[in-house]
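What follows is calculated from the coordinates using simple rules that are stated; it is not laboratory data. Please read all numbers here as calculations on a predicted model, not as lab measurements. Note that each Cβ is placed from the backbone with ideal geometry, even for glycine, and that neighbours are counted across all protein chains shown.
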Amino acid sequence: MTVPQSTKPNITNLFSIILDFCFVGESLLKKRLLLITGSPGTGKTSVLLKVVDALKARGYSVGGVISREARAGWARVGFEILDLGSGRRGWLAHVNRKTGPQVGKYRVNLEDLDNVGANAIVDAAENFDVIAIDEIGPMELFSERFKEAVKRAVESGKLVVGVVHWKARDRLIEEAKMREDAEIIAVTMENRNKLHETIVEKAVEFLETKEREQHS
């Protein structure tokens, strides 16, 4: 018996459907929010900076915000913030600041946190391949603009590599951690020298998969 031409399966279309399904399945398996955490002094920011440098070396653009300790001699006096995209700098907190929310011996500079930190994240979500955030912690959570910028990054569909303070508690953090596309990565004294390589591998897997989907 001859099967009518109209009922014969179209092999080309079938293959295309299977291929599209594979791409979608592959994308779902890749983690998009890589959240670095760990005890104080384990080198979380150093790990993130190594990831940023490695991704830039592979040709990806990276924006966002980095915080760094500021010292006077041996004493830590505060924290600076750096916009990776524009190079703008500001103060996250300082021991000599007289106003702003207090965390330990530091007072938070909400103006710089909003204008430098939050704006850097928004800019990265709009104009860069990768969003770096250092950090989501007690100081940063005093800023509603910063929290809104982080939420925007989480929902952007772009790769986010961020540092999350080990003790920080906030609905924003808990919701990000619970997402299916999020992975929590712990830095320890034992793994900190090589951990960036693992994170870069995960990041590139997601970015390459996203590129294939865009061109399929």
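Things to note:
- Restricting Ile136, Ile185, Ile199, Ile131 to those that are in contact with a His (Cβ under 8 Å, 6 or more places away or on another chain), among the β-branched types (Val, Ile, Thr) and in contact (Cβ under 8 Å) with a residue 24 or more places away in the chain reduces the list to Ile136.
- The set of residues in the range 43-78 that are of a type outside the set (Gly, Ala, Ser) and buried (at least 20 other Cβ atoms within 10 Å of the Cβ) comprises Lys44, Val47, Leu48, Val51, Val52, Leu55, Val62, Val65, Ile66.
- Criterion (under 10 Å from the mean Cα position of the chain (by Cα) and not hydroxyl-bearing (Ser, Thr, Tyr)) met by exactly one of Val116, Val122, Val163: Val163
- Residues of the range 184-209 classified as touching a Ser or Thr at 6+ places or on another chain (Cβ under 7 Å) and farther than 17 Å from Leu48 by Cβ, total: 1
So that you can scan it fast, the table gives a plain yes or no per residue for (1) of a type outside the set (Asp, Glu); (2) closer than 18 Å to Arg68 by Cβ; (3) surrounded by fewer than 21 Cβ atoms within 10 Å (Cβ to Cβ):
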site: Gly104; (1), (2), (3): yes, yes, yes
site: Val108; (1), (2), (3): yes, yes, no
site: Leu172; (1), (2), (3): yes, no, yes
site: Ile184; (1), (2), (3): yes, no, yes
